[in-house]
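**Student:** Let me begin by handing over the structure; questions about it come next.
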Amino acid sequence: MGIGTCNNHPNLAASYHCAQCHKPLCDRCIVNSKFCSLACSAKNAQFEANYKRPAELRRSAIPGILFFLAVAGGLYYLLHYHFHYF
Ligand SMILES: [Zn+2]
Ligand SMILES: [Zn+2]
């Protein structure tokens with residue numbers, strides 16, 4: 001694969017890099033399909049959770065609030081100025 005030898009087996013070619021610490025790894029050393037160890041797997045999962053949460057909040061909450069305000073404002077405007085409800 002041209003990425004050097006396994007971090008744990010200097011005589012085996014590396015096929016992967018740990019997705020967390022980027023150590024070169026062979027087929028036998030890969031954990032959870034893309035990590036060098038359970039520690040890296042856990043660290044990566046935690047990092048992704050921290051990274052994704054604010055992005056999801058931004059995506060779902062803020063447009064939701066803006067949409068609600070736009071609809072409420074539009075309704076108020078229509079009822080107040082066009083139909084003289086209040
Ligand atoms: Zn690692
Ligand atoms: Zn190995």
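Bear in mind these aren't lab numbers, they're just calculated from the coordinates by the rules spelled out. Owing to the predicted nature of the structure, the values given are computational and were not obtained by experimental measurement. So basically every Cβ, Gly included, is an ideal-geometry build from the backbone, and we count neighbours across all protein chains shown.
**Student:** Ratio of alpha-carbon Rg to the 2.2 N^0.38 Å globular estimate for the chain, to two decimals, please.
**Tutor:** The value comes to 2.18.
**Student:** Further question: Just how large is the dipole of the chain about the Cα centre, in debye to the nearest 20, putting +1 at every Lys and Arg Cβ and -1 at every Asp and Glu Cβ?
**Tutor:** My answer is approximately 140 debye.
**Student:** Let me ask something else about it. Which whole-number percentage describes the relative contact order of the chain, with Cα contacts under 8 Å and a sequence gap of 6 or more?
**Tutor:** Working: 89 pairs, mean separation 12.9, N = 86.
For the chain, the relative contact order is 15 percent.
**Student:** By what distance, in whole Å, do the Cα atoms of the range 3-42 stretch along each of the three principal axes, largest value first?
**Tutor:** That works out to 28, 15, 13 Å along the principal axes.
**Student:** Treat each spin label as a single point 7 Å out from the Cα along the C-beta direction, and report the L66 to K34 distance in nm.
**Tutor:** 3.0 nm
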